[in-house]
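All of the numbers you see were taken from the coordinates with simple rules; none came from a lab. Since this is a predicted model, take the numbers as computed values, not measurements. In this analysis, Cβ positions are derived from the backbone assuming ideal geometry, glycine residues included, and neighbour counts consider all displayed protein chains.
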Amino acid sequence: MSLPRYAFFQGRVVPYSEARVGVLTHGLNYGTGVFSGIRGYWNADEHELFVFRPDDHYRRFLESARMIGMQLPLDSCQLTSALVDLLRREGFREDCYVRSLAFYADETVGVRLHDLTPEISIVSIPYGRYIEKEEGAHATISSWRRVDDNAIPARGKIVGAYVNSALAKSEAMRAGFDEAIVLNRDGHISEGSAANFFLVRNGVVLTPPITDNILEGITRRTVIELLGRELGRTVVERSIDRSEIYVADEAFFVGTGVQIVAATRVDHRPIGTGRIGPIAEALRKLYFDVVRGRRPDYRQWCAPVYAGAAALAEVTSAPR
Ligand SMILES: Cc1ncc(COP(=O)(O)O)c(C=O)c1O
């Protein structure tokens with residue numbers, strides 16, 4: 001992976017090499033931070049880079065910060081504008097991933113969440129697939145349980161909680177699988193290592209409720225809306241037992257990173273026919289059209305980087 005050329009750091013865009021922290025930084029030592037992952041999709045026909053749902057991602061980012069009592073100096077509009085600024089400097093003409101991070105920047109010792117100062121960074125890199133086998137992944141039920149909301153807030157993207165995701169992901173990959181399915185403390189399906197989870201049984205699309213310790217995923221929300229409005233499938237949000245996977249017709253992961261990944265085998269058992277099913281296939285096609293700005297009815301979710309920035313410059317340079 002090549003490093004970014006620029007970073008938004010300490011309130012402005014600087015060369016990436018200047019965005020540095022000391023080894024005593026609180027967020028680095030104790031995981032006291034929150035983050036967000038957003039994708040940018042290049043639309044070659046329009047010569048435009050579309051960032052998908054930045055405002056929704058930044059609203060969750062700010063909510064995650066509130067969960068750990070962190071007060072940030074920027075709102076979601078200001079964060080989006082910093083992101084657009086950064087992406088213009090990077091000048092990508094390809095798909096990319098944007099990582100925003102708010103962390104306690106104090107170089108000090110002491111486990112706590114009070115009397116500390118947050119810092120925000122945003123960087124971006126060109127990005128392709130997160131899971132190679134998007135059309136047919138082999139998943140396993142993890143031996144690790146999803147972090148409980150009463151241990152570390154599960155609905156937010158809290159940095160320290162990602163040790164839980166990493167344990168599940170590495171265990172799965174080292175055993176030869178592509179992805180993990182993580183159960184919650186009650187033994188119900190929670191989600192993937194860094195993705196929400198759906199299954200289809202007897203024509204009904206199911207997904208775990210937020211209260212089963214899942215992250216409040218933006219892609220999950222997108223998928224629920226697209227399935228309902230475009231594919232005529234109302235999604236039922238309810239707790240899902242482990243054994244329901246084994247008799248499912250389809251299963252898929254959704255998330256900014258994974259996008260839409262069909263799980264066609266779980267623990268060596270085929271799901272449905274063992275090949276990507278019709279709902280996951282239709283959803284993938286629709287999703288990629290939507291995120292690339294090819295569906296006018298969903299363009300409000302796609303923030304244009306270059307035209308948007310030009311329009312912004314025109315407005316700000318206009319005589320008052
Ligand atoms: C633990 C976890 N669950 C679910 C998701 C999917 O969330 P989103 O669709 O907002 O990217 C992510 C995203 O990275 C995640 O880290």
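Checking each residue in the range 163-182 for being over 13 Å from Ile214 (Cα atoms) and either more than 15 Å from the ligand (Cβ to nearest atom) or not small (Gly, Ala, Ser) (or both) picks out Val163, Leu167, Lys169, Glu171, Met173, Arg174, Ala175, Gly176, Phe177, Asp178, Glu179. Each residue in the range 223-239 was checked for being away from the ligand (no atom under 15 Å from the Cβ) and either closer than 23 Å to Phe61 by Cβ or touching a residue at least 40 places away in the same chain (Cβ under 8 Å) (or both), and 4 of them qualify.
Which ones in the range 239-262 are more than 30 Å from Pro126 (Cβ to Cβ), in contact with a Lys or Arg (Cβ under 7 Å, 6 or more places away or on another chain) and assigned to a loop (DSSP other than H, G, I, E, B)?
Taking the range 239-262 first, the residues more than 30 Å from Pro126 (Cβ to Cβ) are 239-250.
Retained after the next criterion (residues that are in contact with a Lys or Arg (Cβ under 7 Å, 6 or more places away or on another chain)): 244, 246-249.
Answer for the range 239-262, where residues must be more than 30 Å from Pro126 (Cβ to Cβ), in contact with a Lys or Arg (Cβ under 7 Å, 6 or more places away or on another chain) and assigned to a loop (DSSP other than H, G, I, E, B): Val247, Ala248, Asp249.
Among the residues of the range 129-159, the one identified as under 16 Å from the mean Cα position of the chain (by Cα) and either without any contact (Cβ under 8 Å) to a residue 60 or more places away in the chain or part of a helix (DSSP H, G or I) (or both) is Val159.
Conditions tested, residue by residue: (1) among the small types (Gly, Ala, Ser); (2) touching an Asp or Glu at 6+ places or on another chain (Cβ under 9 Å).
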site: Pro4; (1), (2): no, yes
site: Val14; (1), (2): no, no
site: Leu24; (1), (2): no, yes
site: Gly31; (1), (2): yes, no
site: Gly40; (1), (2): yes, yes
site: Phe52; (1), (2): no, no
site: Arg66; (1), (2): no, no
site: Leu72; (1), (2): no, no
site: Glu90; (1), (2): no, no
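Of all residues in the range 1-13, none satisfies being surrounded by 22 or more Cβ atoms within 10 Å (Cβ to Cβ), among the small types (Gly, Ala, Ser) and within 19 Å of the chain's Cα centre (by Cα).
Which one of these is assigned to a helix (DSSP H, G or I) and either within 14 Å of the ligand (Cβ to nearest atom) or out of contact with any helix residue (DSSP H, G or I) (no Cβ under 9 Å at 6 or more places or on another chain) (or both): Arg185, Arg220, Arg265? Spell out how you get there, then give the answer.
On the way: Arg185 fails: assigned to a helix (DSSP H, G or I); Arg265 fails: assigned to a helix (DSSP H, G or I).
The conditions single out Arg220.
Considering only the range 66-99, state which residues are in contact (Cβ under 8 Å) with a residue 60 or more places away in the chain and in a helix (DSSP H, G or I). Answer for the range 66-99, where residues must be in contact (Cβ under 8 Å) with a residue 60 or more places away in the chain and in a helix (DSSP H, G or I): Met67, Thr80, Ser81, Ala82, Leu83, Val84, Asp85, Leu86, Leu87, Arg88, Arg89, Glu90. Scan the range 29-49 and tell me whether some residue there is more than 16 Å from the ligand (Cβ to nearest atom), touching a helix residue (DSSP H, G or I) at 6+ places or on another chain (Cβ under 6 Å) and among the hydrophobic types (A, V, I, L, M, F, W, C). Looking for residues that are more than 16 Å from the ligand (Cβ to nearest atom), touching a helix residue (DSSP H, G or I) at 6+ places or on another chain (Cβ under 6 Å) and among the hydrophobic types (A, V, I, L, M, F, W, C), one finds none in the range 29-49, hence no.
Sort out which residues of the range 160-179 are hydrophobic (A, V, I, L, M, F, W, C) and either closer than 21 Å to Phe103 by Cα or not in a loop (DSSP other than H, G, I, E, B) (or both), and write them in order of number. Before you say what the answer is, go through the steps one by one.
Within the range 160-179, the first condition is being hydrophobic (A, V, I, L, M, F, W, C), and the residues that meet it are 161, 163, 166-168, 172-173, 175, 177.
Residues satisfying the conditions are Ala161, Val163, Ala166, Leu167, Ala168, Ala172, Met173.
In the range 210-232, of all residues being touching a strand residue (DSSP E or B) at 6+ places or on another chain (Cβ under 8 Å) and more than 25 Å from Val34 (Cβ to Cβ), the one that is surrounded by the most Cβ atoms within 10 Å (Cβ to Cβ) corresponds to Leu227.
If you go through the range 196-217, how many residues are more than 8 Å from the ligand (Cβ to nearest atom) and under 15 Å from the mean Cα position of the chain (by Cα)? Step through it out loud before you land on a result.
First pass over the range 196-217, keeping only residues more than 8 Å from the ligand (Cβ to nearest atom): 197-213.
Checking which are under 15 Å from the mean Cα position of the chain (by Cα) leaves us with 197.
Count: 1.
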